[in-house]
1. Could you list all residues from the stretch 12-51 that are out of contact with any Gly (no Cβ under 9 Å at 6 or more places or on another chain) and under 13 Å from N99 (Cβ atoms)?
2. With over 18 Å from the mean Cα position of the chain (by Cα) and of a type in the set (A, V, I, L, M) as the only criterion, which of V156, V152 stands out?
3. Which of the helices (runs of 4 or more DSSP H) found entirely inside the stretch 44-161 contain at least 2 residues meeting this: of a type outside the set (F, W, Y) and closer than 23 Å to N180 by Cα?
4. Taking the condition farther than 18 Å from D13 by Cβ and open to solvent by 30 Å² or more (accessible area, probe 1.4 Å), does R91 pass?
5. Given the residues D98, D102, D86, D69, which is the only one that is open to solvent by 40 Å² or more (accessible area, probe 1.4 Å) and within 23 Å of M22 (Cα to Cα)?
6. Open to solvent by 70 Å² or more (accessible area, probe 1.4 Å) and closer than 17 Å to I12 by Cβ: is that true of E46 in this structure?
7. Does A141 fit the bill of being without any contact (Cβ under 8 Å) to a residue 40 or more places away in the chain and of a type in the set (G, A, S)?
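The values are calculated or read from the model by the stated rules, or taken from the named source; none is laboratory data. Since the structure is predicted, the reported quantities are computational estimates derived from the model, not experimental observations. No Cβ is skipped: glycine too gets one built from the backbone with ideal geometry, and neighbour counts run over all protein chains shown. Accessible surface is based on the protein model in full, side chains and every heavy atom, while ligands, DNA and RNA are left aside. Shrake-Rupley method; radii C 1.70, N 1.55, O 1.52, S 1.80 Å.
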Amino acid sequence: MTDQLSRTLAAIDAANDADPRMDDGQPEALLYGQRMSEQCERLFPEAQDVLQIAARGQHIERWILKRADYPEGRAGYLKWRRDLADHHANRIGEIMADNGYDAETIDQMGRMVRKQGIKRDPLVQALEDVICFTFITWYFAPFAAKHTPEKVQDIVEKTARKMSDAARAKVLVDFDLPENLAAAFS
């Protein structure tokens, strides 16, 4: 890892260490970023800096924009998600610029975090695969415990649709899923 990348990831971690929400005794955004980096390394051990940075910072300062500050319903939810993606991309971009990354690399990261080009841009798709593996590895079981089997099936199917063919195949190898959930990844 280069000094430039190391400094950038450390700055993202420092921002996320301020998260007032806790998960497993750590600031939630900090833990999420570390889990994203772990899955990035798992899926893409030779990942470019831009993918490593986008993975680590994908939820940077997520607590700043609160869902409760947006209107109820799907339109309000989608507006909140777009605003979050813009905030994440802008904050990561500031950190990258402070650490000497060029405008082209910063723009690429912004497209990745905003999910612009999913299924068309290999780096955007790689980030989405990392996001999905992070969800399946760390957040799926708690989600499943709180929802109906129908809701769980729906989320699994939506997750699988977002993933690349290679990532879906890896899910089937890496996870022991019940037959009905495994079918979504086939």
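1. Within the stretch 12-51, A14, D49, V50 meet the criteria.
2. None of the others qualify; the one that does is V152.
3. Qualifying helices (runs of 4 or more DSSP H): 122-134, 140-146.
4. Details: farther than 18 Å from D13 by Cβ: no; open to solvent by 30 Å² or more (accessible area, probe 1.4 Å): yes.
For R91, the condition - farther than 18 Å from D13 by Cβ and open to solvent by 30 Å² or more (accessible area, probe 1.4 Å) - is not met.
5. On the way: D98 fails: within 23 Å of M22 (Cα to Cα); D102 fails: within 23 Å of M22 (Cα to Cα); D86 fails: within 23 Å of M22 (Cα to Cα).
Answer to the check: D69.
6. Details: open to solvent by 70 Å² or more (accessible area, probe 1.4 Å): yes; closer than 17 Å to I12 by Cβ: no.
It is false that E46 is open to solvent by 70 Å² or more (accessible area, probe 1.4 Å) and closer than 17 Å to I12 by Cβ.
7. yes
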